[in-house]
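What follows is a short report on a single structure.
The values are calculated or read from the model by the stated rules, or taken from the named source; none is laboratory data. What you see is a predicted model, and the numbers here were worked out from it, not measured in a lab. Reconstructed Cβ throughout: ideal geometry from the backbone, glycine too, with neighbour counts over all protein chains shown.
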């Protein structure tokens, strides 16, 4: 069961992020149907670069992704069946976490939901431009989780980030 929780936790987070990319990709592809001016192209390139750095590198690669792997590894020490079943939520910091980690996870999720609702009200091409940045950032995040996971499993290098376990 401990091995199941480890693999289910990481895989579940990857599946969740992949579902978001899958849902956003059609909005990005709709950009092909619009005549983009110079300002649109500039905004698209600038926002994609910004999201690659801020969301993909700073948010995911340096923070979220290694913590997902470390928290999944922490599940291998637990005998609680429910934690293994809900392993993706544990890996994201919603369950079996310090109070601070749970608050951070909930606040970030709430902010993301509010931003998604706001962006969904924008007309194309602006919605597609923003969604393109998000898709690229999430793709880097997925790749980063896989990178940290493989580094731990194949090379024995566990990320040195706080697991924020209780």
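Here is a list: 68, 113. Which entry is closer than 15 Å to residue 6 by Cβ and part of a helix (DSSP H, G or I)?
68
What are the residues in region 82-104 that are in contact with a helix residue (DSSP H, G or I) (Cβ under 9 Å, 6 or more places away or on another chain) and either over 21 Å from residue 142 (Cβ atoms) or in a helix (DSSP H, G or I) (or both), if any?
If the condition is that a residue be in contact with a helix residue (DSSP H, G or I) (Cβ under 9 Å, 6 or more places away or on another chain) and either over 21 Å from residue 142 (Cβ atoms) or in a helix (DSSP H, G or I) (or both), then 83, 84, 85, 87, 88, 89, 90, 91, 95, 96, 97, 101 are the ones that fit.
Of all residues in region 127-150, how many are without any contact (Cβ under 8 Å) to a residue 40 or more places away in the chain and in contact with a helix residue (DSSP H, G or I) (Cβ under 9 Å, 6 or more places away or on another chain)?
So the count comes out to 1.
Suppose the filter is buried (at least 20 other Cβ atoms within 10 Å of the Cβ) and over 19 Å from residue 22 (Cα atoms); does residue 75 pass it?
Considered against the rule, which asks whether it is buried (at least 20 other Cβ atoms within 10 Å of the Cβ) and over 19 Å from residue 22 (Cα atoms), residue 75 comes out as yes.
Looking at 95, 165, 89 in this structure, which one is within 13 Å of the chain's Cα centre (by Cα) and either within 18 Å of residue 9 (Cβ to Cβ) or crowded, with 20+ Cβ neighbours inside 10 Å (or both)?
Of the residues listed, the single one that is within 13 Å of the chain's Cα centre (by Cα) and either within 18 Å of residue 9 (Cβ to Cβ) or crowded, with 20+ Cβ neighbours inside 10 Å (or both) is 89.
Could you grab me the full set of residues in region 18-40 that are surrounded by 12 or more Cβ atoms within 10 Å (Cβ to Cβ) and under 17 Å from residue 122 (Cα atoms)?
Answer for region 18-40, where residues must be surrounded by 12 or more Cβ atoms within 10 Å (Cβ to Cβ) and under 17 Å from residue 122 (Cα atoms): 23, 24, 25, 27, 28, 29, 30, 31, 34, 36, 40.
Inspect all residues belonging to region 28-49 and state whether any of them is under 19 Å from residue 149 (Cα atoms) and at pLDDT 95 or above.
Scanning region 28-49, I find no residue that is under 19 Å from residue 149 (Cα atoms) and at pLDDT 95 or above, so the answer is no.
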